[in-house]
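Undergrad: Before anything else, here's the structure in question.
The values are calculated or read from the model by the stated rules, or taken from the named source; none is laboratory data. Quantities reported herein were computed from a predicted structural model and do not represent experimental measurements. Positions of Cβ are generated from backbone atoms using ideal geometry, with glycine treated the same way; all protein chains shown enter the neighbour counts.
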Amino acid sequence: MPEPAPFSDPVTVTCHCGAVELRVHLSGGLATARRCDCSFCRRRGAAAVTAPLDGLEVVRGADRLTLYRWGTGTARHFFCATCGVYTHHRRRSNPNEYGVNLGAIEGVNPRELEPVPWSDGVNHPSDR
């Protein structure tokens, strides 16, 4: 998947209302973009890119982030409490990584990266 120009690291991630802002160093740029078909992600519909745990900083709005967990509780999904936009999540597939909402990265239009590959979240290895 090609990188749209220009791409710089770190990226700025914001929710819709601007209450939450993240500074994120991506592990492999925009080429890590994936969608997941687990019961939660397919409803959310957002593609995510990869960042290491130490590559994400909440610049503004830590007090506005709301956490959603279910099932095993491993995945931790964060949303803006004001506008409801998903910003990032700690991954179940690799708890040492964050998935970051591709559509919340300033200057990035996910449509320009289509087709974004899918990950099989329905048949997650932790469920076996």
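Undergrad: Tell me, please, whether a residue that is at pLDDT 90 or above, out of contact with any Pro (no Cβ under 6 Å at 6 or more places or on another chain) and acidic (Asp, Glu) can be found in the stretch 32-42.
TA: The answer is no, given that none of the residues of the stretch 32-42 is at pLDDT 90 or above, out of contact with any Pro (no Cβ under 6 Å at 6 or more places or on another chain) and acidic (Asp, Glu).
Undergrad: Related question: For the stretch 12-71, how many residues are aliphatic (A, V, I, L, M) and under 22 Å from residue 114 (Cβ atoms)?
TA: Of the residues in that region, 11 qualify.
Undergrad: Sort out which residues of the stretch 100-114 are charged (D, E, K, R) and not in a loop (DSSP other than H, G, I, E, B), and write them in order of number.
TA: Across the stretch 100-114, the qualifying residues are 111, 112.
Undergrad: Can you pull out the residues in the stretch 70-115 that are among the hydroxyl-bearing types (Ser, Thr, Tyr), at pLDDT 95 or above and farther than 14 Å from residue 48 by Cα?
TA: If the condition is that a residue be among the hydroxyl-bearing types (Ser, Thr, Tyr), at pLDDT 95 or above and farther than 14 Å from residue 48 by Cα, then 82 is the only one that fits.
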